Each structure stands twice: as C-alpha cells, then as structure tokens.
Amino acid sequence: MTQQTIRKAVIPAAGFGTRFLPATKATPKEMLPLVDKPLIQYGVEEAVAAGCTDIIIVTGRGKTTMEDHFDRSPELEAALSTRGKDQLLELVRSIATLAHISYVRQPEALGLGHAVLMAKQLVGNEPFAVILPDDIVDAQPGCLAQMAGAFAETQATILGTEVVEGAAISLYGCLDCAPHPTNPRLMSVSNLVEKPRPQEAPSQNAIIGRYILTPRIFELIEQLTPGAGGELQLTDALRALLRYEKVYGYQYVGQRYDAGDKLGFLKATVDFALQHDAVGPAFRNWLRTQQF
Ligand code: G1P
C-alpha cells in the first residue's frame, strides 16, 4: 500500500460563538485576536506547518471577514507600500499565500459531524485533518504535525487527546482506550462517547479539536441520527468507524487553551502576549508590577 500523507485540512467555522456575545454579534468568533492574530489564522498556520497545502473552511452567514482576511488586499497593500511600511506589507501579503483556501457553507448548524460532511466533495477520497479553531494548542512542533508523524506510522484515524480532570470530561468526546504496544503517545480506541455524564465516562481521555480522519467517515456521517444535544456528532460517526478501521488517540505534547471560552481565551492571550516578540518583555515587566 502506498504511504498516504495529509494534504487537506478542514476547519469548521460556522458556529454562532454564543459564549462570546456581544463581541461575536457581527464578528465571527474565529476572527477574535490572540494579541494580533485571529484565532483561525493560528489554525491555518498549524495545518500548513503539518504539511497541508489545501485548507477548507466551513463557513456560514455573516462570516465573510474570514475570506477577506486570507485574500489579497490591494488598497491596504498600496497604502503600506506608499508609506514605506515594508515589514507590514510583507506580513499582510504573506497571509494571502499561506495555503490554497476554499470555502464551503454550512446552511444550518446541525452539529460538528454535519459541518465536516460539508467538505466531502472538496476532500475527496483521501485522509484529511480537522482543526477546531477554538482549540488553540501552543506546541513545538505543532499538535497536528505531531499527529501527522503518528499517521505516517498508523495510516489510520487519529484523534488528538488529553486527560482532563473530574467532571470536565462531560464537555468533551471521551475515549475508551488502551496503551499502544510500541508508541507511548498512541492509544488504541475501543469506544467513544460524546459528552458523557461524569459517572458514565469510560475514562478521563478527552478528544481535543484535532483529528486525522480517513474518508470512510463521510458515509458514516451520512448515516447518523442526532446524538448529544440533538446534533449530528462526529464522535458518533467515529464510533461507527470502529466496525471497519482502527482508531487511535494521540496524547500530544503542548498546552491547549479552549479559546472559545472567556477564561480559556484570557489564558491564551496572556501566554501568547508573553511570547510575543514586540510586546512580550514589556508585558512581562508590567505584570510583575501588578498586585493580584
Ligand atoms: C467538539 C466535539 C467533542 C470534542 C470537542 C473538543 O465539541 O464534539 O467531541 O471533545 O469539540 O473541543 P464542542 O466543543 O464543539 O461542543
């Protein structure tokens, strides 16, 4: 069998962002910045760093600023050029050449499984990645690149996973899994449950918003009936996939933030601000002078 690599990444970005209202009333939550870069750009850059050349953004009504962000901006570029702001000009131009980006609309918010299904035609018959842009992972190499390395070994579906504390497991997809015999970061999955009640969770291993999926997932999503929260759940399609193919969990190395949540977003902001070349040192000094 020829070794397959991951060339395409799907980024679901059609949600309402209700946890961030009123900021997200007219601005997509994916465009909220961590310091100076919108959330979705972190996702696109992580996919590119993992070797993806094609990004498929699943979008919805009122979200066209995402398309403008990844497009050329002739007026802005001309203005920056006239003013001799070459570094900013280079920065603005580079965003439009990060990857080949396509957009597909999800007409109704019917769940994560349904959002991924919208990309079926654009993905075709090859393995692909899914990045949920709310989940920001600070890691070197990036989380998806780590998973792509494991995929080279398994050639099978891999879910990013981390251990969460106590009742928090009910916010996630949960894995019933056992250690892999040779790779300490991989786990062999035997069952998955979306948002279990804490007392019913088979483990504390939560799925995070990073997936490498084989294309059979599409036909399994098409057969789904509504699951947790009345939505078509990707986790339920993955459980069905177990009948045909191996599924692995991958314990990534890095720090994840749920940037779709106000507290997680603030923590990510502080982390990225401290690492920022221009403002990091001054921000660190200012923090030291504060009494908490
Ligand atoms: C989704 C998935 C869930 C996963 C989570 C990771 O849930 O359905 O399995 O654990 O993303 O962030 P959501 O957070 O969209 O409710």
| Diffusion coefficient, µm² s⁻¹, Stokes-Einstein with Kirkwood Rh over alpha-carbon pairs of the range 29-86 at 4 °C and 1.567 mPa s | 98 µm²/s
| With the other protein chains left in place, how much accessible area per residue, in square angstrom, belongs to the chain at a 1.4 angstrom probe? | 50 Å²
| query | Which of rounded, prolate, oblate describes the range 112-195, given a ≥ b ≥ c as roots of the alpha-carbon gyration tensor eigenvalues and a/c under 1.5 marking rounded, otherwise prolate only if a/b is larger than b/c? | reply | rounded
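What is the Cα radius of gyration of the range 145-256 over 2.2 N^0.38 Å, N being its residue count?
The reported ratio for this selection is 1.01.
Of all the accessible heavy-atom surface of the range 199-246, with the other protein chains kept in place and a 1.4 Å probe, what percent is carbon and sulfur?
Whole-percent figure for carbon plus sulfur exposure: 44.
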| said: Given a 1.4 angstrom probe, I'd like the percentage of the accessible area of the range 1-151 that is carbon and sulfur, rounded to a whole number. | reply: 54 percent
| request: List, largest first, the extents of the alpha carbons of the chain along their principal axes, each in whole Å. | output: 61, 49, 39
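Going through the cross-link list 37/63; 120/262; 25/267; 29/195, which pairs have a Cα-Cα distance over 27 Å in this structure? Show your work: numbers first, answer last.
Values: 37/63 17 Å; 120/262 32 Å; 25/267 23 Å; 29/195 23 Å.
Beyond 27 Å between Cα atoms: 120/262.
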| Per Stokes-Einstein, at 4 °C and 1.567 mPa s, what whole-number D in µm² s⁻¹ belongs to the range 1-110, with the Kirkwood radius over Cα pairs as the hydrodynamic radius? | 84 µm²/s
| field | Radius of gyration and Dmax over the Cα atoms of the range 61-162, both given in Å | value | 17.7, 52
| said: As an exercise, use a Förster radius of 30 Å and the Cβ-Cβ distance of residue 103 and residue 223 to find the FRET efficiency, rounded to the nearest 0.05. | reply: 0.70
| request: Only residues of the range 63-78 count here: report those whose backbone N is under 20 Å from the spot 7 Å along Cα→Cβ of residue 92, or say none. | output: 64-78
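Can you give the longest stretch of the chain with no exposed loop site, where a site means trypsin sites (Lys or Arg not before Pro) in a DSSP loop (not H, G, I, E or B) with at most 11 other C-beta atoms within 10 Å?
Longest run free of exposed loop sites: 84-242.
The values are calculated or read from the model by the stated rules, or taken from the named source; none is laboratory data. Since the model is a prediction, treat every value here as computed from it, not as a measurement. Please note: Cβ atoms are built from the backbone with ideal geometry, for glycine as well, and neighbour counts cover all protein chains shown. Remember, those area values only see protein heavy atoms, side chains included, never the ligands or the DNA or RNA. Shrake-Rupley method; radii C 1.70, N 1.55, O 1.52, S 1.80 Å.
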